[in-house]
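> After the structure tokens below, expect a handful of questions from me.
The values are calculated or read from the model by the stated rules, or taken from the named source; none is laboratory data. The structure presented is a predicted model; accordingly, all values stated were derived computationally and were not measured. Neighbour counts are summed over all protein chains in view; Cβ atoms, including those assigned to glycine, are modelled from backbone coordinates with ideal geometry.
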Amino acid sequence: MHVVDGEDRGMEQFIERVKIQRHPIAVERLETRFEDFTGEFQYFVLKRGDSNEELSECLDFAGSSLVLFFWAKNPSRSGGK
């Protein structure tokens with residue numbers, strides 16, 4: 001569970017931006033519950049998975065990005081032959 005504190009308009013924008021569907025991220029489900037704004041939190045911290053999982057995801061993304069870049073620069077070679 002993640003707690004986010006802010007004014008209504010900011011929360012709506014935040015929720016829409018979190019619904020990422022861009023490789024390597026695919027948010028499958030997002031549950032929200034609204035309560036009164038308290039102003040309790042001044043900043044946020046990203047919590048990441050273990051280092052092996054994070055490194056694997058980064059390498060997968062880098063590899064996919066390189067392939068797409070290569071195909072964009074060399075369309076005649078995108079068939080793999």
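> Tally the residues that are charged (D, E, K, R) and either over 15 Å from the mean Cα position of the chain (by Cα) or exposed (fewer than 11 other Cβ atoms within 10 Å of the Cβ) (or both), restricting the search to the stretch 44-72. Write out each step before concluding.
The initial filter retains those residues of the stretch 44-72 that are charged (D, E, K, R), namely 47-48, 50, 53-54, 57, 60.
Then drop every residue that is not either over 15 Å from the mean Cα position of the chain (by Cα) or exposed (fewer than 11 other Cβ atoms within 10 Å of the Cβ) (or both), which leaves 47-48, 50, 53.
Final tally of qualifying residues: 4.
> Let me ask something else. Out of the residues in the stretch 1-43 that are in a loop (DSSP other than H, G, I, E, B), under 18 Å from the mean Cα position of the chain (by Cα) and among the basic types (Lys, Arg), which is nearest to Ser64 (Cα to Cα)?
Let us first name the residues in the stretch 1-43 that are in a loop (DSSP other than H, G, I, E, B), namely 1-7, 19-20, 23-24, 27-43.
In the following step, the residues that additionally are under 18 Å from the mean Cα position of the chain (by Cα) were identified as 1-4, 19-20, 23-24, 27-32.
Among the residues that remain, those that are also among the basic types (Lys, Arg) are: 19, 29.
Working: Lys19: 21, Arg29: 24 Å.
Across the stretch 1-43, the extreme among qualifying residues is Lys19.
> Could you tell me whether Val27 is among the β-branched types (Val, Ile, Thr), in contact with a Lys or Arg (Cβ under 6 Å, 6 or more places away or on another chain) and free of Cβ contacts under 8 Å to residues at least 24 places away in the same chain? Steps first, answer last, please.
On the way: among the β-branched types (Val, Ile, Thr): yes; in contact with a Lys or Arg (Cβ under 6 Å, 6 or more places away or on another chain): yes; free of Cβ contacts under 8 Å to residues at least 24 places away in the same chain: yes.
Yes.
> Hey, Leu46 hits all of (1) modelled with pLDDT under 85; (2) in contact with a helix residue (DSSP H, G or I) (Cβ under 8 Å, 6 or more places away or on another chain) but one; which does it fall short on?
(2)
> Given (1) touching a residue at least 12 places away in the same chain (Cβ under 8 Å); (2) assigned by TED's automatic domain parsing to the domain that holds Val3, identify the lone condition not met by Phe61.
Just one mismatch for Phe61, condition (2).
> Would you please list the contacts, defined by Cβ atoms under 6 Å and residues six or more apart or on different chains, that run from a residue in the stretch 41-54 that is of a type in the set (Phe, Trp, Tyr) to a residue that is in a loop (DSSP other than H, G, I, E, B)?
What qualifies is Phe41/Asp5.
> Whether any residue in the stretch 28-35 is more than 13 Å from Val4 (Cβ to Cβ) and exposed (fewer than 10 other Cβ atoms within 10 Å of the Cβ) is what I want to check. Please lay out each step first, then the result.
Within the stretch 28-35, the first condition is being more than 13 Å from Val4 (Cβ to Cβ), and the residues that meet it are 28-29.
Pick out the ones that are also exposed (fewer than 10 other Cβ atoms within 10 Å of the Cβ) and you get 28-29.
So far as the stretch 28-35 goes, yes, one or more of its residues are more than 13 Å from Val4 (Cβ to Cβ) and exposed (fewer than 10 other Cβ atoms within 10 Å of the Cβ).
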